[in-house]
1. Is any residue of segment 188-220 close enough, with backbone N under 18 Å, to a label point placed 7 angstrom from the Cα of A254 along the Cα-Cβ axis, and if so, which?
2. Excluding ligands, DNA and RNA, what is the solvent-accessible area per residue of the chain at a probe of 1.4 Å, expressed in Å²?
3. Return the whole-Å distance between the Cα centroid of segment 8-52 and the Cα centroid of segment 97-173.
4. Please identify the GluC sites (Glu not before Pro) of segment 126-230 that satisfy two criteria: DSSP loop assignment and at most 13 other Cβ atoms within 10 Å. Which are they?
5. Around A236, which amide H atoms from residues at least 5 apart in sequence, or from another chain, sit under 5 Å from its own amide H, with H modelled in the peptide plane?
6. Per residue of segment 17-30, what does 6.51 cos²θ - 1.76 cosθ + 1.60 with θ = phi - 60° give for ³J(HN,Hα)? Whole Hz please, x for Gly and Pro, Karplus curve as stated.
7. In the chain, what % of DSSP beta bridges are antiparallel (nearest 5)?
8. What FRET efficiency would be calculated for the residue pair D31, Q99, taking the C-beta separation as r and a Förster radius of 51 Å, to the nearest 0.05?
Amino acid sequence: MNTLPPALRREQILQRIQRDGGVSVADLARDHGVSAVTVHRDLEELVRDGLVQRVHGGARSLGAPSASGTLPTAWTQRVAQAGDAKAAIATAAMRHVEQGATIFLDASSSALALARRLADDPPNEITLVTNSPAIAFEIQHDAIHVVVCPGELDQHMRMLAGRWTVEFLAELNFAVAFVSAAGVTLEQGLTTARRPLADVVNAARASAERSVGLIDSTKFGRASLLSIAPARELDAIVTDPALDPEIARAYRAAGVRLEIATTEEST
């Protein structure tokens, strides 16, 4: 019987796929001593994280390792996607940050874009709480007081989460919680494939006067495994100008407070 933790098994599967370019479900099941059903679940998780591509009977690599020799992770994949859109969202979201405020930024790549924007043009004396080590490392300005949540580190997502993180957030007060998601629909709301992420986002929202979603246009109409919150519950969802006008009208008609970055903010 295989006793390897699922996260470590998926890491080894990813390394195998990156090394060999592809692998079959049968080979993975045999080598790891698990069922084909378990392998399928592992591969679906890697697909949701944008790390591999499913093919008939197995999976294949999306690309070679980086020049540094490190394997791509869910985090590096997300940071590389929709960079211009996230920059536009970050610029538009700056209007929600007031001087002297305490804000929360989740461990999303959209929140990282906002952190970078804040570092370039910080309001006077704000406190920034985050469960993202990458965001904490990015902020190097005396006007921004950074507080990092305790918790267990998810290496692929570059995220601190778990019971300690949730309990820590429950004791704080935020003017605004900036959050993101893997997808958003009118029916399922903001969604994710990861329960720890959903728990952290909801803990931050519960401690915040206002919640603002940072969601690029490619995520509209996509639903993942778990619902985080209805889109209407957020005080605003900021997105980029590439969002289809018909989709924007439908969300606004449903009561979603949608804010679309201008073309100027995307440049």
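1. Residues 188-193, 212-220 fall inside that zone.
2. Numbers: 12590 Å² over 267 residues.
Value for the chain: 47 Å² per residue.
3. 32
4. Details: sites: E138, E152, E167, E171, E187, E209; in loops: E171, E187.
Those that pass, being in a loop and sparsely packed, are E171, E187.
5. For A236, whose amide H was placed from the backbone, the distant partners under 5 Å are S211, G213.
6. 5, 5, 6, 9, x, x, 7, 8, 4, 4, 5, 5, 4, 5
7. On the way: 16 of 40 bridges.
Around 40 percent of the beta bridges assigned by DSSP in the chain are antiparallel ones.
8. Working: r = 56 Å, r/R0 = 1.11.
Approximately 0.35, to the nearest 0.05.
The values are calculated or read from the model by the stated rules, or taken from the named source; none is laboratory data. Being a predicted model, the structure only gives us computed values, none of them experimental. A quick note on method: Cβ atoms are made from the backbone with ideal geometry, for glycine too, and the neighbour counts reach across all protein chains shown. To get the accessible areas, we keep the full protein, side chains included, count just its heavy atoms, and leave off ligands, DNA and RNA. Shrake-Rupley method; radii C 1.70, N 1.55, O 1.52, S 1.80 Å.
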